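What follows is a short report on a single structure.
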Amino acid sequence: MEPFSAHNIELAGQERTIPGDDRLLVEFPLSRSMFRTVSALVGAPGDGATGARPRLVDIGCLEGGYTVAFARMGFDAVGIEARATNIAKCRYVAERLDLPNLEFHQADARDIEAYGPFEVAFCCGLLYHLDQPTAFLEALGRSTRRLLVLDTHYASEKLPTRPDLADHLTELTEHEGKLGRWYEEFPEGTPFEDMERHVWSSYGNHRSFWIEKKHLLQTILDVGFDNVYEQFDYLRGITEDPWMEEQGRGLFVAVKTV
């Protein structure tokens, strides 16, 4: 198994998936913000002793760190991950934890409806890797009963100030009836096995479509969520932190109330 590249998870006996890293995934400001949102809007289910646990899906779960955190909060947590390299790490983690409410499936995120429905959909760092993000959001709308937490890049009139992002983005254009920008993940014609090795990139598509922010917000409403919010408390300071300008990225919360 390859070393963990992103998710430092505490296992049994104080073992960590990234030895020598003092900071766990659950301790990052973004992680804490997302956990607060889920707890505030759905509650912390606890051990499930008083009834069935609500189901939560972590879509494109990478190495499983967030899925584990939600299982520890008391959700029936389901991690969906396409890459064999990543799912091997997820299963390594699951084998070392006594969490019967934790499960992982090797599957394409586009097939999310086959595993639903879910009370909560958690989608962190995935949407901007898809070439048909609107179709994916429609599937999320059909399979999510209550809450969507979405951390994603989006397009805007201005390019992100990070050159490694801006250099791969096209001019604003229309796709799936939405305004946005194409982002080149791999040169066209890259063999699948080469794409498979890049664990932080798209899966099966050489370019992805970043939806323009207003179109993204409208799409979330259109697929069935009654309320859409943007969350900012993960920033070091809303007026000082350049994160949003550098990344062209935001944390969005969508709730179904009817």
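Asp98 meets all of the listed conditions (1) surrounded by 16 or more Cβ atoms within 10 Å (Cβ to Cβ); (2) among the acidic types (Asp, Glu); (3) over 26 Å from Phe192 (Cβ atoms) but one, namely (1).
Residue pairs whose Cβ atoms lie under 9 Å apart, sitting 6 or more positions apart in sequence or on different chains, and linking a residue in the range 176-197 that is assigned to a loop (DSSP other than H, G, I, E, B) to a partner that is of a type in the set (Lys, Arg) and surrounded by 10 or more Cβ atoms within 10 Å (Cβ to Cβ), are Glu185/Arg207; Phe186/Arg207; Glu188/Arg207. Of all residues in the range 224-258, those satisfying the criterion of being within 17 Å of the chain's Cα centre (by Cα) and not hydrophobic (A, V, I, L, M, F, W, C) are Tyr229, Glu230, Gln231, Tyr234, Gln247, Gly248, Arg249, Gly250.
Yes/no per residue for (1) aromatic (Phe, Trp, Tyr); (2) modelled with pLDDT of 95 or more; (3) farther than 25 Å from Leu140 by Cα; (4) in a loop (DSSP other than H, G, I, E, B):
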position: Met1; (1), (2), (3), (4): no, no, yes, yes
position: Ser5; (1), (2), (3), (4): no, no, yes, yes
position: Asn8; (1), (2), (3), (4): no, yes, yes, yes
position: Asp22; (1), (2), (3), (4): no, no, yes, yes
position: Ser31; (1), (2), (3), (4): no, yes, no, no
position: Leu62; (1), (2), (3), (4): no, yes, no, yes
position: Thr67; (1), (2), (3), (4): no, yes, no, no
position: Val78; (1), (2), (3), (4): no, yes, no, no
position: Ala94; (1), (2), (3), (4): no, yes, yes, no
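Looking only at residues in the range 109-123 that are of a type outside the set (Gly, Ala, Ser) and farther than 9 Å from Arg145 by Cβ, the one that is surrounded by the most Cβ atoms within 10 Å (Cβ to Cβ) is Phe122. Considering only the range 98-116, I want to know if a residue exists there that is more than 15 Å from the chain's Cα centre (by Cα), on the phi < 0 side of the Ramachandran plot and modelled with pLDDT under 95. So far as the range 98-116 goes, yes, one or more of its residues are more than 15 Å from the chain's Cα centre (by Cα), on the phi < 0 side of the Ramachandran plot and modelled with pLDDT under 95.
Here Leu147 does not fit the description of being surrounded by 13 or more Cβ atoms within 10 Å (Cβ to Cβ) and assigned to a loop (DSSP other than H, G, I, E, B). Close contacts from the range 117-142, counting a first residue that is of a type in the set (Asp, Glu) and a second that is surrounded by fewer than 20 Cβ atoms within 10 Å (Cβ to Cβ) and part of a helix (DSSP H, G or I), with Cβ to Cβ under 9 Å and a gap of 6+ residues or different chains, come to Glu119/Val42; Glu138/Asp222.
The values are calculated or read from the model by the stated rules, or taken from the named source; none is laboratory data. None of these values were measured; they are calculated from a predicted model. Neighbour counts run over all protein chains shown; Cβ positions are idealised from the backbone, glycine included.
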